[in-house]
Amino acid sequence: MANRFGVKLQSRLPNLAGIYPFSAPITTTTNCSSETQKSRIVCKKRALGCRFPRRVVLGIGVSFWSQFMSMAGIIGGKSFMASARRKGAIEQVLKNVEWPEQFPFRDEDFQRFDESSDTLFYEMPRFVTHIDDQAIAALTKYYSEVFPSSNTPGVAVLDMCSSWVSHYPSGYKQERIVGMGMNEEELKRNPVLTEYVVQDLNINPQLPFGDNTFDVITNVVSVDYLTKPLDVFKEMSRVLKPGGLAIMSFSNRCFFTKAISIWTSTGDADHVMIVGSYFHYTGGFEPPQAVDISPNPGRSDPMYIVYSRKLATA
Ligand SMILES: C[S@@+](CC[C@H](N)C(=O)[O-])C[C@H]1O[C@@H](n2cnc3c(N)ncnc32)[C@H](O)[C@@H]1O
């Protein structure tokens, strides 16, 4: 059965942004998955001396997936929300999707609790890792399987939303590995980068590179901070070489106040669909695919990949 992406899915999503303006800086990521969000968020807020209002907490966990599934029926005889936790289910999310004609998200889906300047939020460097060691190892292993070999002449790589680490295989080198991010101190310290650019993609989504420049673009645990994702993905398509690979990876953790509301109000399988939709509606990409590389489900951070290649003819 085809996966039908519910056209009405937006109408029942809580518009969380703006309900509770919150600007206290959170320096490490918290669990972002709607399936486990409630307890984790309350804890974090308590640590900061306040709690999310009940209305917001109740809103979290409402998934468009249930709406979608009520239209699409059942996949494999089970609710998708339930089966998303089973190994192999994530890979199914982007199989045979019947996408609505129009991009189904609205402006408010890309709002955040904290709409203050991202420059301010990322002003202080954070020399931390945002996912656990096992998830990092799984991502690095994945990269080692799909990246062009180290030191291949002419290969260029772009790490978007980068920091002091890119999680590339140890010793990985190319003539050109560019990092884009928000904090210069972090980017300066990233050993794999040959150059970096500090740029707020939510203010200026235009990438400062020529057409057909990169063989690979990576983005680790940060696609959920993009408020103009289609503009950014359009640029990604422009700067990728034909056949170039874009790898978006994410877990269930995030800076909650800075992630877009459609992300914080949905779960892991939904996130796969959301990122898949960015590729689909941007155009110029092959149909996106999802991979679950979670190293130790239930015991370490989950890790998901949504990837696509720029069409060879684009
Ligand atoms: C959770 S960190 C992940 C950093 C890195 N990819 C990693 O795996 O450690 C989120 C990153 O997203 C980037 N980011 C957030 N908002 C951004 C924006 N508006 N424009 C560009 N980059 C942004 C920041 O550079 C920040 O380092």
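Throughout, read-outs are computed from the coordinates displayed, never taken from laboratory work. Here the structure is a predicted model, which means the values were calculated and not measured. Here Cβ is always computed from backbone atoms with ideal geometry, including for glycine, and neighbour counts include all displayed protein chains.
Structure data summary
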read-out	value
Too-long pairs where the Cα-Cα distance tops 27 Å, listed order kept, from LYS173/LYS258; LYS95/LYS310; LYS95/LYS228; LYS95/LYS173; LYS173/LYS228	LYS173/LYS258; LYS95/LYS173; LYS173/LYS228
Overall Cα dimensions of the stretch 187-314, principal axis frame, Å, largest first	41, 34, 27
Isotropic mean projected area of the C-alpha convex hull, the stretch 246-314 (nm²)	5.1 nm²
Most to least packed among 223-232, 256-265, 194-203 [average Cβ atoms within 10 Å]	256-265, 223-232, 194-203
